[in-house]
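The values are calculated or read from the model by the stated rules, or taken from the named source; none is laboratory data. Note that this is a predicted model, so its numbers are computed, not measured. Don't worry about glycine lacking a Cβ; one is built from the backbone with ideal geometry, like all the others, and counts go over all protein chains shown.
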Amino acid sequence: MADDSHILVVDDDARLRGLLGRFLAENGFRVTVAENALEARDKLRFMHPDLMVLDVMMPGESGLSLTESLRRDHSGLPVLLLTARGAPEDRIAGFEAGADDYLHKPFEPRELVLRIRAMLRRVVPASSGPVRLGTAIFDAERGELRAPEGTIHLTGGEVALLSALAHRPNEVLSREDLVEVLGMDGGAERAIDVQVTRLRRKIEPDPREPRFLHTVRGRGYVLKPGA
């Protein structure tokens with residue numbers, strides 16, 4: 001995706017919000033800013049940004065709550081969370097809420113730009129064609145999971161993960177492989193487990209007894225398509 005992508009920046013810190021807006025604009029992005037979750041919701045009613053940069057700790061509704069709400073509404077808008085909390089459990093909470101990436105404050109603005117660009121191009125080449133998962137069909141090129149009852153909404157992170165696995169069906173991919181493919185930080189293997197759990201809820205008849213997305217103990221994950 002080109003650098004004229006539209007980014008929504010949501011942060012209650014006016015100084016940081018202004019700095020991020022200017023820096024992203026200088027790097028070719030179109031930028032809209034909001035000072036809290038309520039203003040972000042208002043803007044999302046009439047605009048469709050390509051990605052949202054969202055502060056976790058804000059007065060009123062938190063960034064985690066807004067992210068969870070977007071996912072409940074089946075929004076696939078990529079979300080990059082900003083937070084002063086960098087403990088592993090905080091990062092996991094962000095991914096469980098539905099975030100696609102997580103950046104710890106303070107950070108270099110250049111790193112934010114690189115992460116945004118990585119998220120926007122996080123499309124893994126499709127395999128020879130759509131992949132059947134029971135009654136559902138995953139089209140990696142379109143990033144769509146279609147079932148008889150309609151399209152099953154996937155987040156950007158879920159599309160990227162399922163695309164990576166579908167591109168190499170019946171092949172075990174380690175957590176480290178998936179971290180690299182998805183452009184995540186080293187040490188984010190636990191976040192892969194969280195994404196897998198969420199994805200199974202959408203593709204498996206019984207997530208507790210997976211038919212398609214299997215764990216290979218000590219090695220990683222493998223996707224086994226089939227009817």
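One table, with the values for the structure above:
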item	result
The lone exception for LEU145 - which of (1) touching a strand residue (DSSP E or B) at 6+ places or on another chain (Cβ under 8 Å); (2) free of Cβ contacts under 8 Å to residues at least 60 places away in the same chain; (3) farther than 22 Å from ARG71 by Cα it fails	(3)
Residue among ARG45, ARG30, ARG41 that alone is within 22 Å of the chain's Cα centre (by Cα), free of Cβ contacts under 8 Å to residues at least 12 places away in the same chain and surrounded by fewer than 18 Cβ atoms within 10 Å (Cβ to Cβ)	ARG45
Sole residue being out of contact with any strand residue (DSSP E or B) (no Cβ under 9 Å at 6 or more places or on another chain) and of a type outside the set (A, V, I, L, M, F, W, C), chosen from ARG132, ARG208	ARG208
Region 1-48, residues that are in a loop (DSSP other than H, G, I, E, B) and touching a strand residue (DSSP E or B) at 6+ places or on another chain (Cβ under 8 Å)	ASP4, SER5, ASP11, ASP12, ASP13, PHE29, GLU35, ASN36, MET47, HIS48
Selection count, region 139-160, where residues are among the basic types (Lys, Arg) and either outside the structural domain of LEU182 (by TED's automatic domain parsing) or modelled with pLDDT of 90 or more (or both)	1
Single residue of region 56-81 satisfying the filter (closer than 16 Å to PHE95 by Cβ and of a type in the set (A, V, I, L, M, F, W, C)) that is modelled with the lowest pLDDT	LEU77
Breaking point among (1) touching a helix residue (DSSP H, G or I) at 6+ places or on another chain (Cβ under 7 Å); (2) among the small types (Gly, Ala, Ser); (3) at pLDDT below 90; (4) over 29 Å from GLU39 (Cβ atoms), for ALA136	(3)
Residue among SER163, SER174 that is in the same structural domain as ILE203 (by TED's automatic domain parsing), buried (at least 16 other Cβ atoms within 10 Å of the Cβ) and among the polar types (S, T, N, Q)	SER163
Within region 49-58, tally of residues that are within 21 Å of ARG122 (Cβ to Cβ) and either assigned to a loop (DSSP other than H, G, I, E, B) or basic (Lys, Arg) (or both)	2
Looking only at region 127-150, and only at residues there that are in contact with a Gly (Cβ under 9 Å, 6 or more places away or on another chain), part of a strand (DSSP E or B) and not aliphatic (A, V, I, L, M), the one that is nearest to PRO210 (Cα to Cα)	ARG132
